[in-house]
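The values are calculated or read from the model by the stated rules, or taken from the named source; none is laboratory data. None of these values were measured; they are calculated from a predicted model. Methodologically, a virtual Cβ is constructed for each residue, glycine included, from the backbone with ideal geometry; neighbour enumeration extends over all protein chains shown.
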Amino acid sequence: MSTEKQQEQVNPPVDETEEIELNVKSSEMDEEFVEDLDSLLDEIDEILEEDSQEFVENYIQRGGQ
Amino acid sequence: MGTETEYGISVKNAREQDPVAASTLVVNAYKTSRGDTPSATSSVTWDYEQESPLMDARGFLAEADTPISEADTNSVVNDILINGGRYYVDHAHPEYCTPECANARDLLLYEKAGELILEVSRVTAERLLLDNQEIIIYKNNTDYKGHSYGSHENYLMSRKVPFDAIVDGLTPFLVTRIIITGSGKVGAENGSRETDYQISQRADFFEKEVGLSTMVNRPLINTRDEPHADDKIYRRLHVIVGDSNMSELSIYLKVGITSIVLQLIEKGVVGKQFGLKDPVAAIKSISRDLSCKNQIELADGEQWTPIQVQRAYLKLAQQHLTTEERTPVVEDVLEKWQYVLDNLEIDPMRLSQHLDWIIKKKLIEAYRKRHGYQWTDAHVQMLDLQYHDIRPDKGLYIRLLKNGHVKRLLNHEEIVHAMHYPPVDTRAYFRGTCLRKFPNHIYSASWNSMIFLGKDRRSFDKIMMDRPHFGTQQIVGELLNNCTADELVKKLRSKR
């Protein structure tokens, strides 16, 4: 069984513009993500439901399928 | 194939929570919201009648003057959509079913269209409430208190495949695919072992290997076999073990790789070779192993990681799918399947813009770090829940998407289009197009039937659609473009 075999892009994807990037280095991806995430975390401070404790306690569903 | 999604629902600042009333309000609001659109389907009821059908060559059967059971009230909580899907209240949840789709990309598209349909109806319904009240809808699977609601996948399979072969071949795949399809969950439920964070929302709720029930004592493999099609030719595989996904890649791969594995089972190339010693225990332990590296025991005593099991299925697909079966979408699914397995092997966090459980984990970790919250903090649970909020201004997944932190496969325009138009290459085309074109001539509809009102408005014609691959644009497009409802029924009847 093959392990850690890095994939090469073989065929053009269905829609090239929306293809996920292959072989992006982990560190690059993370750095970019964390940097940008800071402003998003500010936003989350604003939009997270107030009074989380009460909210999650009161979120009760009936079981479904 | 198609998916069914039950959404969680809550009314903020309501004196008392009544999820059935709230769900009904939301589903009915969608009819109101469409106002004067050409889709006056609000009086069309769902046809619950199950008949043993006969077909003509195209899969239609016209029956004159079929007696109709009175079902006026069922339109209250049932909506048949012009995109060919179904929208209704199931138990205490709004549920959206996609139309039948022929490939994984379409299915992703129509599931995403469902999220917009829910949001449009949520906004419309909210106008009917008091000013301080908000309707909140989550596309998730749990209230974190032991109540789960489902996200089900349905695949059409050949009746020739024995059910035992499906159980043997599919169970190890479903148990291990959660490393790709999990939505992530803070904590544990249903008496399962405590954990800070786990990969799957649903894993804790599965208690046996095979069974018919979906509400309690849930089985990994569900035996409901109601094909909504000719049951001599087809069986329906009802997969209930999946999570509701927000990530486009998670949805796409979930349905894409599962349909490929079912093809392999139909071909007879997957047997008992990957059988697990204890699948129910395995899904819970895999769900708690965020490294994806811990081994599980196979029935023959070998120890494999879930990545190894997935790779073994992938390899069989690469070996056994014919050139014809490797359509562009299938080819793309295989490529992305390998891509995520390669990256999971190196470090799952490399997929923090791709797969739900990892996107969510990354977000929660960053937020915990900023505020010093423990995993058990209510804010952390709130983050988990709000990740699944369908509101564009509040939903955390949607905020991540809009800010470019997660990968997209679709564009917004095509999702909006899919709210209003059916896929062109399944019988959903016939259903959706008839509803759009002849809303006042249709009395009721179901997955495999449409009942037209006669000219006198008192007689009925039932059109059976027992071949899901028929009723496509290619087969009936011209017919539908060029005739009235009465002419359509007449023409279909003459083909008997």
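Which of the residues spanning the range B:221-253 are touching a strand residue (DSSP E or B) at 6+ places or on another chain (Cβ under 7 Å), more than 14 Å from chain A (Cβ to nearest Cβ) and under 20 Å from B:Ile199 (Cα atoms)?
Hit for the range B:221-253 is B:Ile221, nothing else.
Taking the residues in the range B:354-385 that are in contact (Cβ under 8 Å) with a residue 24 or more places away in the chain and of a type in the set (S, T, N, Q) as candidates, determine which candidate is farthest from the other protein chains (Cβ to nearest Cβ).
Step by step, filter the range B:354-385, then rank; the result is B:Thr376.
Would you mind stating whether B:Glu324 is of a type outside the set (S, T, N, Q), more than 9 Å from every other protein chain (Cβ to nearest Cβ) and over 16 Å from B:Val270 (Cβ atoms)?
Considered against the rule, which asks whether it is of a type outside the set (S, T, N, Q), more than 9 Å from every other protein chain (Cβ to nearest Cβ) and over 16 Å from B:Val270 (Cβ atoms), B:Glu324 comes out as yes.
Output the number of the condition that B:Asn440 fails; it satisfies all remaining conditions of (1) part of a helix (DSSP H, G or I); (2) within 14 Å of another protein chain (Cβ to nearest Cβ); (3) in contact (Cβ under 8 Å) with a residue 24 or more places away in the chain.
(2)
Taking the conditions exactly as written (outside any helix (DSSP H, G or I) and within 18 Å of B:Ile166 (Cβ to Cβ)), does B:Val269 satisfy them or not?
yes
For the condition in a loop (DSSP other than H, G, I, E, B) and more than 23 Å from the chain's Cα centre (by Cα), what is the one hit in B:Lys407, B:Lys455?
Checking each option against the conditions leaves just B:Lys455.
If you take just the strands (runs of 3 or more DSSP E) that sit entirely in the range B:1-119, which of them hold at least 1 residues that are closer than 19 Å to B:Asp466 by Cα, modelled with pLDDT under 70 and more than 14 Å from every other protein chain (Cβ to nearest Cβ)?
By residue number, B:60-64.
Quickly run through the range B:447-475 and pick out the residues that are acidic (Asp, Glu) and under 17 Å from B:Lys491 (Cβ atoms).
Hit for the range B:447-475 is B:Asp461, nothing else.
Can we say B:Asp425 is within 12 Å of chain A (Cβ to nearest Cβ) and either within 30 Å of B:Gln474 (Cα to Cα) or not hydrophobic (A, V, I, L, M, F, W, C) (or both)?
no
Identify the single condition in (1) more than 23 Å from B:Lys31 (Cα to Cα); (2) of a type outside the set (A, V, I, L, M); (3) away from every other protein chain (no Cβ under 11 Å); (4) without any contact (Cβ under 8 Å) to a residue 24 or more places away in the chain that B:Arg467 does not satisfy, given that it satisfies every other one.
All conditions are met except number (4).
If I ask for residues that are on the phi > 0 side of the Ramachandran plot, buried (at least 19 other Cβ atoms within 10 Å of the Cβ) and modelled with pLDDT of 95 or more, which ones from the range B:181-238 would you list?
Matches in the range B:181-238: B:Gly184 only.
What single numbered condition from (1) within 20 Å of the chain's Cα centre (by Cα); (2) among the acidic types (Asp, Glu); (3) assigned to a helix (DSSP H, G or I) fails to hold for B:Glu413?
It is condition (1) that B:Glu413 fails.
Just one of B:Gly404, B:Gly395 is facing chain A (nearest Cβ under 10 Å) and modelled with pLDDT under 95; which is it?
B:Gly404
Among the residues in the range B:296-311, are any free of Cβ contacts under 8 Å to residues at least 60 places away in the same chain and among the aromatic types (Phe, Trp, Tyr)?
Taking every residue of the range B:296-311 in turn, at least one turns out to be free of Cβ contacts under 8 Å to residues at least 60 places away in the same chain and among the aromatic types (Phe, Trp, Tyr).
Could you say whether any residue in the range B:269-279 is surrounded by fewer than 23 Cβ atoms within 10 Å (Cβ to Cβ) and of a type in the set (Phe, Trp, Tyr)?
No, the range B:269-279 contains no residue that is surrounded by fewer than 23 Cβ atoms within 10 Å (Cβ to Cβ) and of a type in the set (Phe, Trp, Tyr).
Here are the criteria: (1) within 24 Å of B:Ile296 (Cβ to Cβ); (2) surrounded by fewer than 24 Cβ atoms within 10 Å (Cβ to Cβ). Tell me which single one B:Ser158 does not satisfy.
B:Ser158 satisfies every listed condition except (1).
One line per residue, one yes/no per condition, for (1) assigned to a helix (DSSP H, G or I); (2) touching a Lys or Arg at 6+ places or on another chain (Cβ under 9 Å); (3) more than 22 Å from B:Ala282 (Cα to Cα):
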site: B:Ile136; (1), (2), (3): no, yes, yes
site: B:Tyr144; (1), (2), (3): no, yes, no
site: B:Asn154; (1), (2), (3): no, yes, yes
site: B:Met157; (1), (2), (3): no, yes, yes
site: B:Val167; (1), (2), (3): yes, no, no
site: B:Thr171; (1), (2), (3): yes, no, no
site: B:Val175; (1), (2), (3): yes, no, no
site: B:Ile179; (1), (2), (3): yes, no, no
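Do we find that B:Met215 is in a loop (DSSP other than H, G, I, E, B), hydrophobic (A, V, I, L, M, F, W, C) and under 16 Å from the mean Cα position of the chain (by Cα) in this structure?
Judged against the criteria, B:Met215 is not a match.
Considering the range B:366-398 alone, what residues qualify as being farther than 23 Å from B:Ser200 by Cβ and of a type in the set (Lys, Arg)?
Answer for the range B:366-398, where residues must be farther than 23 Å from B:Ser200 by Cβ and of a type in the set (Lys, Arg): B:Lys369, B:Arg370, B:Arg391, B:Lys394.
So which residues in the range B:15-31 are farther than 24 Å from B:Thr45 by Cα, in contact with a strand residue (DSSP E or B) (Cβ under 9 Å, 6 or more places away or on another chain) and not acidic (Asp, Glu)?
Result: B:Gln17, single match.
Which members of the range B:123-134 meet the condition of being surrounded by fewer than 24 Cβ atoms within 10 Å (Cβ to Cβ) and outside any strand (DSSP E or B)?
Once the filter is applied, which keeps residues that are surrounded by fewer than 24 Cβ atoms within 10 Å (Cβ to Cβ) and outside any strand (DSSP E or B), the range B:123-134 yields B:Val123, B:Thr124, B:Glu126, B:Arg127, B:Leu128, B:Leu129, B:Leu130, B:Asp131, B:Asn132, B:Gln133.
Please verify whether the range B:256-273 includes one or more residues that are in contact (Cβ under 8 Å) with a residue 24 or more places away in the chain and of a type in the set (Lys, Arg).
Looking for residues that are in contact (Cβ under 8 Å) with a residue 24 or more places away in the chain and of a type in the set (Lys, Arg), one finds at least one in the range B:256-273, hence yes.
In the range B:396-419, how many residues are closer than 23 Å to A:Gln53 by Cβ and without any contact (Cβ under 8 Å) to a residue 12 or more places away in the chain?
So the answer is 1.
Restricting to the range B:413-464, give me the number of residues that are at pLDDT 95 or above, surrounded by fewer than 21 Cβ atoms within 10 Å (Cβ to Cβ) and not aliphatic (A, V, I, L, M).
Here the count works out to 6.
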